[in-house]
Amino acid sequence: MQLHNLTIREAHELLTTKKISSVELTQAMLDRIHDVDKKVKSYVTVTDDLALEQAKKADERIAKGENVTPLTGIPFSMKDCISTRDVRTTCSSKILENYVPQYNATVTNKLADSGAVLVGKTNMDEFGMGSSCENSALFPTHNPWDLDRVPGGSSGGAAASMSASLCTFSIGEDTGGSVRMPAGFTNVTGIKPTYGRVSRYGLIALASSFDCIGPMTRDAYDCATVLEHIAGHDPLDSTTYNSPVPNYTANINKPVKGMKLGIPKEYFVAGMEAGVESAMQEAIRTYEKLGMEIHEVSLPHTKYGLPVYYLLLFAEASANLARMDGTRFGLSVSDGAKDVIDIYLKTRHEGFGDEVKRRIMLGAYALSAGYYDAYYLKAQKVRTLLRRDFETAFSNVDILLAPTCPTTAFKLGEKTSDPLEMYLSDIYVVATNPAGVPALALPAGFSNNMPVGMQLIGKHLDEATLFQVAHAYQQVTDWHKQQPTL
Amino acid sequence: MTQTIDTKTVKHVAFLVRLGISEEEAQTFSGQFSSIIDYFNMLNEVDTENVPPASDIANAENVLREDVVKPSMSREEFLKNAPNSERGYVKVPTVLGDE
């Protein structure tokens, strides 16, 4: 038995039957991080002392049999855009490189309350802006399946830490595919929940109307378990839903026979890698064998998803990042500054990477007088059409299936010189965020020895169906059990 | 429709977002912005006559609460992250010109 390879429920079983302790499990994970992460570079900060302290407390809880949850004593990693009190939270940016929050995100508090053990914070594209983790201002993360390739982004560190078994689960964040795209590149299961299902309080905002925190795990069952513990209403985030969080694992074993699976034709077009296409066809056949009805559906505005997403993201990000101004926290460059504006100009010039600069400038452009109607307002109107596409599709089917990316993981450096080409790698994952619908990515096979990801897209607040359909697939396939050699 | 975003416009939007920018950077961004905006112009193909703009995606109603005083972060705690402070305030150079 290798402790780092356990699923959450396997580890929970061993912990509660006292076959292992959380301190042992956590120490094994930390040892592996210090050994293997030199190659993968998924962690920005490893929280050894805090982790062992939390593990000791978890062991006490288990010994007393008090307040034991499925996550008690389980080691996890978290994307470095989610605030952790007294633990550096960088967003992989120079401007926050030494920023230590004075408060916890709601998700951080919920996980601490459940008894989960934080082993570290993971690398990301700076402020979530990127699709390869190469925009991290600290260092790039490598794909555990081929160290010359990217893990995807922006939750590339979270995905790589999960894929390389450097945690038992990971918390990512998905603004326009940032959980699903890297999950697909690294053979991990991950969900972008419905917008408003998980509190954003303490999440350092990229685009406030898209941002969704979501778990990344070994399988759909674990993913359901973690979401149950982090979802729910939060008075500190008025966009969270008031509706109760279902017990996602309760009905996960229900057969999928007779359910309707929609295949959006716009996602199956020229330009898809042959191995990705054949993996999707194989997955559809698997669902057919499980008794699902397969229907072709149309999401006619799919190709506009990318410009809608990016325009609105640029606009929202340019406003959100205004707070990084060198006066109250973070980097401050004041040498020779004659007034406060000078501090802003110098701090932001030095503190932001090129992609961040591009996006906040383009956001200001799209919002500025003379261009607002043509870009920002137009994008919000087409966003309405994107939402209607999903509503129409879901009046006929229960769930949709699509690839997470037209290709498998690309090489480091392959797309860094052309920002637009990098944006295009998000083509299959961005449309869900402007619509707010939930989507779950899961492993669907391999193409040229690299993992292929597929995503299931569901109705608003219907994560339960996503878990059920993903779990059914994972009962008859073992792609999700394949692990990289490191 | 090809739209060029010249360096003057780049410098203008850089200032709007309070970002210092060099001449060389302005030139690089100018080329990149033109191709990105050109791609975005595909939205012009979409007929949005009578389509309302999306304004919210989760709860459609305003969320209100009583204005009750609750304990919050102490001033001392807050100032831990401030690069420069004095007598309990964040300190910055001149905001309004006095020359």
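Heavy atoms of chains B and A lose about 5100 Å² of accessible surface on contact, summed over both sides with a 1.4 Å probe. Among A:GLY232, A:SER93, A:SER155, pick out the residue whose Cα is farthest towards the positive end of the charge dipole of chain A, where Lys and Arg carry +1 and Asp and Glu carry -1 on C-beta, about the Cα centre. So the residue we want is A:GLY232. Here the dipole of the range B:8-69 is about 340 debye; that uses its Cα centre as origin and unit charges on the Cβ of Lys and Arg (positive) and Asp and Glu (negative). Of A:GLY351, A:ILE252, A:LEU312, which is farthest towards the positive pole of the range A:245-377's charge dipole, taken about the Cα centre with +1 and -1 on the beta-carbons of Lys, Arg and Asp, Glu respectively? Farthest towards the positive end: A:ILE252.
Between the range A:283-309 and the range A:125-177, the alpha-carbon centres lie 26 Å apart. Karplus-derived 3J(HN,Hα) values for the range A:203-213, using 6.51 cos²θ - 1.76 cosθ + 1.60 with θ = phi - 60°, are 7, 6, 5, 9, 10, 4, 8, 10, 4, 9, 7 Hz; glycine and proline are entered as x.
Only the Cβ atoms of Lys and Arg (+1) and of Asp and Glu (-1) were treated as charged; on that basis the dipole of the range A:82-213 about its Cα centre amounts to roughly 320 debye. For B:ILE21, the accessible surface of its heavy atoms amounts to roughly 50 Å² (probe 1.4 Å, protein chains only, rounded to the nearest 10).
When a/c reaches 1.5 or more, the comparison of a/b and b/c decides; with that in mind, is the range A:3-257 rounded, prolate or oblate per its Cα gyration tensor?
Judged from the Cα gyration tensor, the range A:3-257 comes out rounded (a/c under 1.5).
The relative contact order of the range A:212-354, computed from alpha carbon pairs under 8 Å that lie at least 6 residues apart in sequence, is 16 percent. Counting only alpha carbon atoms, the long axis of helix B:7-16 and the longest principal axis of chain B meet at about 30°.
For the pair the range A:327-345 / the range A:405-433, the C-alpha centres are spaced 35 Å from each other. Inverting the pair-averaged 1/r between distinct Cα atoms of chain A gives 22.2 Å as its Kirkwood hydrodynamic radius. Among the listed pairs A:LYS192/A:LYS411; A:LYS38/A:LYS415; A:LYS265/A:LYS303; A:LYS357/A:LYS411; A:LYS346/B:LYS8; A:LYS303/B:LYS8, which are separated by more than 21 Å between their Cα atoms? In this structure, A:LYS192/A:LYS411; A:LYS38/A:LYS415; A:LYS357/A:LYS411; A:LYS303/B:LYS8 lie more than 21 Å apart at Cα.
Only the Cβ atoms of Lys and Arg (+1) and of Asp and Glu (-1) were treated as charged; on that basis the dipole of chain A about its Cα centre amounts to roughly 480 debye.
Kindly state, to the nearest 0.05, the FRET efficiency for B:VAL69 paired with A:TYR103, given R0 = 25 Å and r defined as their beta-carbon distance.
0.90
The order of A:TYR221, B:TYR89, A:TYR99 by accessible area, most exposed first and with a 1.4 Å probe, is B:TYR89, A:TYR221, A:TYR99.
Take every pair of alpha-carbon atoms less than 8 Å apart whose residues are at least six positions apart; their mean separation over the length of chain A yields a relative contact order of 18 percent.
Cross-link check: pairs A:LYS19/A:LYS57; A:LYS260/A:LYS289; A:LYS338/B:LYS80 evaluated at a Cα-Cα cut-off of 20 Å; pairs beyond the cut-off: A:LYS338/B:LYS80. Ordering A:LEU166, A:HIS12, A:ASN104 by the projection of their Cα atoms onto the charge dipole of the range A:3-257, which places +1 on the Cβ of Lys and Arg and -1 on the Cβ of Asp and Glu, puts A:HIS12 at the extreme positive end.
When restricted to Cα atoms, the range A:343-486 yields an Rg and a Dmax of 19.4, 58 Å, respectively.
Under 5 Å between amide hydrogens, built in the peptide plane, is the criterion, and for A:THR122 it picks out A:VAL44, A:MET78, A:LYS79, A:ASP80 among residues at least 5 positions away or on other chains. Derived scalar couplings between HN and Hα for the range A:120-130 equal x, 10, 9, 5, 7, 5, 3, 6, x, 9, x Hz in order, rounded to whole Hz, by the Karplus curve 6.51 cos²θ - 1.76 cosθ + 1.60 (θ = phi - 60°), x for Gly and Pro. Among the protein heavy atoms, those of B:LEU96 account for about 140 Å² of accessible surface (1.4 Å probe, every chain in place). Here the range A:53-108 and the range B:77-98 have alpha carbon centers that stand 30 Å from each other. Annotation: amide H of A:VAL452 within the under-5 Å range of A:ALA444, A:GLY445, A:PHE446, A:SER447, sequence separation 5 or more or interchain, hydrogens built in the peptide plane. Measuring only protein heavy atoms, the 1.4 Å probe finds A:TYR375 accessible over about 10 Å². For the range B:47-55, the Karplus equation 6.51 cos²θ - 1.76 cosθ + 1.60, evaluated at θ = phi - 60°, returns couplings of 7, 10, 4, 6, 9, x, x, 5, 10 Hz by residue, with Gly and Pro reported as x. Helical content of the protein assembly as shown, expressed as a calculated mean residue ellipticity at 222 nm, amounts to -11000 deg cm²/dmol (DSSP H runs of 4 or more residues, -39,500 (n - 2.57) each, divided by residue number, nearest 500).
By DSSP, what percent of the beta bridges with both residues in chain A are antiparallel, rounded to the nearest 5?
On the way: 30 of 45 bridges.
Antiparallel: roughly 65 percent of the beta bridges in chain A.
The values are calculated or read from the model by the stated rules, or taken from the named source; none is laboratory data. Worth saying up front: this structure is predicted, and the values here are computed from it rather than measured. With ideal geometry, Cβ positions are generated from the backbone for all residues, glycine too; neighbour counts draw on all protein chains shown. Accessible surface is based on the protein model in full, side chains and every heavy atom, while ligands, DNA and RNA are left aside. Shrake-Rupley method; radii C 1.70, N 1.55, O 1.52, S 1.80 Å.
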